[in-house]
Amino acid sequence: MSREVGDWVSVAVLGKPRGNRGELTAESLSSKPERFARLKSVRLMLDGNAGDETTTREVEEVWEHAGALVFKFRGVDSISDAEKLRGAEVQVPASERVQLKPDEYFHSDLIGCEVRDRLSGRVIGHVTNFEEYGGPPLLEVDNGEVDAGKLLIPFVKAICVDIRPEAKLIQVDLPEGLEELDSARAGQPDAT
């Protein structure tokens, strides 16, 4: 789930150091793993106390190990050097986004889209997040009402029938009862 930040797109988040050569594990935010082999230079967005800082780093190598990405940056040659980068978002210019197949969308392009009922034209809300839990991805939709909670809409062709990110519009055919189910869930106390 690439995240767009201005003219930059976050494609991974750096984790803990791995080994003693300054390598770092990373969690991919991209559904296109082949993109990492082509990285040469990236921007790292570090979450500092005074706000987000950025630095540019040259990528020596990226590979997969035990289900995680591993990054090696030029000039980051020790565990202590790598530790300073933990939690940074790995970003590339938006112009370097991978090409998508028809009917594929960048998650960041869906955020902010108005969601409308295809038949009635009624505005259901706006997409505020895109979530994946192993099943079909879910659009989190906020209708702007206080205490209404978020509506979770499965991002599948049978429901999201017209998707136009360039127009910031998604038209849906909601299954009967989905809105009521989420409304009832929003009124329930947390089970945690």
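Inside the stretch 126-142, can you point out the residues that are among the acidic types (Asp, Glu), out of contact with any Gly (no Cβ under 7 Å at 6 or more places or on another chain) and either outside any loop (DSSP other than H, G, I, E, B) or modelled with pLDDT of 85 or more (or both)?
Kept after step one, since they are among the acidic types (Asp, Glu), are these residues of the stretch 126-142: 131-132, 140, 142.
With the extra rule that they be out of contact with any Gly (no Cβ under 7 Å at 6 or more places or on another chain), the set shrinks to 131-132, 140.
Residues satisfying the conditions are GLU131, GLU140.
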Self-check item: 1 or more residues under 18 Å from the mean Cα position of the chain (by Cα), among the aliphatic types (A, V, I, L, M) and buried (at least 18 other Cβ atoms within 10 Å of the Cβ): qualifying strands (runs of 3 or more DSSP E) within the stretch 1-118
Solution: 8-18, 23-28, 41-48, 68-73, 89-93
Practice problem: State all residues of the stretch 126-160 that are among the hydrophobic types (A, V, I, L, M, F, W, C) and under 22 Å from the mean Cα position of the chain (by Cα); if no residue qualifies, say none. | Solution: VAL127, PHE130, LEU138, LEU139, VAL141, LEU151, LEU152, ILE153, PHE155, VAL156, ILE159, CYS160
Quiz item: Of the residues that make up the stretch 84-97, is at least one modelled with pLDDT under 80 and out of contact with any strand residue (DSSP E or B) (no Cβ under 7 Å at 6 or more places or on another chain)?
Solution: no
Quiz prompt | Long-range neighbours under 6 Å by Cβ, at least six apart or interchain, first residue among the small types (Gly, Ala, Ser) within the stretch 61-76, second assigned to a strand (DSSP E or B) | solution = ALA68/THR25
Quiz item: Can PRO154 be described as touching a Cys at 6+ places or on another chain (Cβ under 9 Å) and within 27 Å of LEU29 (Cβ to Cβ)?
Solution: yes
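Residue check: is VAL123 farther than 30 Å from THR25 by Cα and either at pLDDT below 90 or out of contact with any Lys or Arg (no Cβ under 6 Å at 6 or more places or on another chain) (or both)?
Against the criterion (farther than 30 Å from THR25 by Cα and either at pLDDT below 90 or out of contact with any Lys or Arg (no Cβ under 6 Å at 6 or more places or on another chain) (or both)), VAL123 does not qualify.
The values are calculated or read from the model by the stated rules, or taken from the named source; none is laboratory data. Given the structure is predicted, the values throughout are model-derived calculations rather than measurements. Glycine gets a Cβ as well: all are built from the backbone with ideal geometry, and neighbour counts include every protein chain shown.
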